[in-house]
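FYI, it's all coordinate maths here, none of it is from the lab. Predicted model only: the values in this text are computed from it and were never measured. Cβ placement follows ideal geometry from the backbone for every residue including glycine, while neighbour counts extend to all protein chains displayed.
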Amino acid sequence: LLEEPPAYQTVLKEKLKAGLSYPTASAAALISYFDDPALNETISQPNNILGIYYMKALMKRKSTIKPYTLLRCGSHYHEEMLGSKSDVGEAEILSSARSIRHSIASDLPLSEIADHIPAQVLQLLVQHQGQSFPITTDDFTAVLGYRLLNEMNKGFTDYIDVSENLSDRIVKEVGHYRSLSDFIDLLKTKDFTHARISRCLMHIMLGMQNETLADYIRSDYIAYARPLGFRNDSVTLLSAAKEHTSIPLLGKLADAKNILSPKAYAMLQEDIYASHVYQLAVAQKFHTTFSHEYQRRIIKI
């Protein structure tokens, strides 16, 4: 995958042309290249695919990070049903994050997921329910709808991952836009998976464009680090990180313009904008005060 051989590329192109999604086409090309059907079970699992691409990225960057593999227990990544004790024995229940999110989005009482999350997490969910939680896909319907209508005349190919065909399909179907989740289903075809469409629409909503991404890549992706919280007994570790890091460690947003380069500051502004879009959805849904990113404090435990 790091240095794709011609035989792999040929099969990959054939599978993509046949309408398979990229992950499925890539898996088929790998099985064909190694001529080993036994690989199918290994590389068809979402977590395994993710792990493989993590290792590819580490190799590409010549990173000194040493990866370790852990066997996933309980429910699979894509499961939408909560797990049961029979899945892993009587000791514990291990459900997928997707199934937990699905249960919350389905308005199930939090008591229904109590056995599937840590007690501290349940306490936080109960504390914030109806104040800042839950936020679902359709809570961003209006924000995305405005941007789609505002830019439909020029198309959406400037945005990350949006091909000309997908852009044309979005423009064609925008008149049927009712909700974000329904629009994703409406756009979905054998060529465009649910995951890809969701990702592309998020890029459009957040204004994430190809030109900007290319600029960030040329700058080696990461231009700053921003701690969101820390334990009081870890202050020395944070200080050590600040002394030895190769990028600015941003403690206060108010200091950002003086500390960061123009490119890093532009990246931070995109980060803040994304946070504000989310906080706007929270404020509108629960009729609470808008939480401005510049007024938020670092969490100390």
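If each residue's Cβ is checked for other Cβ atoms within 10 Å, how do ASP139, ASP220 rank with the fewest at the top? If you can, show how the numbers build up before the last one.
Numbers: ASP139 17, ASP220 10.
Sorted ascending by nearby Cβ count, the order is ASP220, ASP139.
Backbone geometry of region 106-120 corresponds, through the Karplus equation with coefficients 6.51, -1.76 and 1.60 at θ = phi - 60°, to 3J(HN,Hα) couplings of 7, 6, 5, x, 4, 4, 6, 10, 4, 7, 10, 9, x, 4, 5 Hz, x marking Gly and Pro. Per residue, the convex hull around the alpha carbon atoms of the chain comes to 191 Å³. Amide H contacts of SER219: none lie under 5 Å away among residues 5 or more positions distant or on a separate chain (H built 1.01 Å from N in the peptide plane; Pro and chain starts excluded).
Amide H contacts of TYR159: ASN210, each under 5 Å away and 5 or more positions distant or on a separate chain (H built 1.01 Å from N in the peptide plane; Pro and chain starts excluded).
Between region 180-258 and region 287-301, the alpha-carbon centres lie 18 Å apart. Across region 207-217, rounded Karplus estimates of 3J(HN,Hα) from the backbone phi angles (6.51 cos²θ - 1.76 cosθ + 1.60, θ = phi - 60°) give x, 8, 9, 4, 4, 5, 4, 4, 5, 5, 4 Hz, Gly and Pro being marked x.
Nearest 500 deg cm²/dmol is fine: what mean residue ellipticity at 222 nm does the chain get from its DSSP H runs of n ≥ 4 alone, each adding -39,500 (n - 2.57), divided by its residue count? The partial results should precede the final answer.
Details: 15 runs with 158 residues, N = 301.
Here the helix-only value at 222 nm equals -15500 deg cm²/dmol.
Taking amide H positions as modeled 1.01 Å from N, with prolines and chain starts lacking one, the residues under 5 Å from GLY83 and 5 or more places away or on another chain are SER95, SER96.
Using 0.36 nm per residue, how much length does the chain from THR193 to LEU70 gain when fully extended, once their Cα-Cα distance is taken away? Walk me through the numbers before you get to the answer.
Working: separation 123, 0.36 × 123 = 44.28 nm, distance 2.79 nm.
Contour length minus Cα-Cα distance gives 41.5 nm.
Pairwise Cα separations in region 71-183 fall into 10 Å bins from 0 onward with the following percentages, short to long: 12, 31, 22, 22, 12, 1. Legend: ranking of residues VAL162, VAL174 from fewest to most surrounding C-beta atoms inside 10 Å; resulting order VAL174, VAL162.
Shape summary: region 6-60 maps onto an equivalent ellipsoid whose semi-axes, from the alpha-carbon gyration tensor, are 18, 13, 12 Å in decreasing order. For the residue pairs LYS13/LYS60; LYS154/LYS263; LYS154/LYS252; LYS15/LYS188, the C-alpha atoms sit more than 29 angstrom apart in LYS154/LYS252.
Each residue in SER219, SER132 was given a count of other beta-carbon atoms within 10 angstrom of its own, and listing them fewest first yields SER219, SER132.
Under the combined filter of DSSP loop state and at most 13 neighbouring Cβ atoms within 10 Å, region 54-84 retains these trypsin sites (Lys or Arg not before Pro): ARG61, LYS62.
Roughly how big is region 137-210's charge dipole about its Cα centre, with Cβ charges of +1 (Lys, Arg) and -1 (Asp, Glu), in debye to the nearest 20?
Details: 9 positive and 11 negative charges, 16 e Å.
The dipole magnitude comes to about 80 debye.
Residue-wise HN-Hα couplings along region 37-46, as the Karplus relation 6.51 cos²θ - 1.76 cosθ + 1.60 with θ = phi - 60° gives them from phi, are x, 5, 5, 3, 5, 5, 8, 8, 7, x Hz; Gly and Pro carry x.
Listed highest first by mean packing, meaning other Cβ atoms within 10 Å per residue, what order do 240-253, 99-112, 273-286 come in?
Working: 240-253: 12.4, 99-112: 14.0, 273-286: 16.1.
Peptide ranking by packing, descending: 273-286, 99-112, 240-253.
D for region 219-300, whole µm²/s, Stokes-Einstein with Kirkwood Rh over alpha-carbon pairs at 37 °C and 0.692 mPa s: what number? Result for D is 230 µm²/s.
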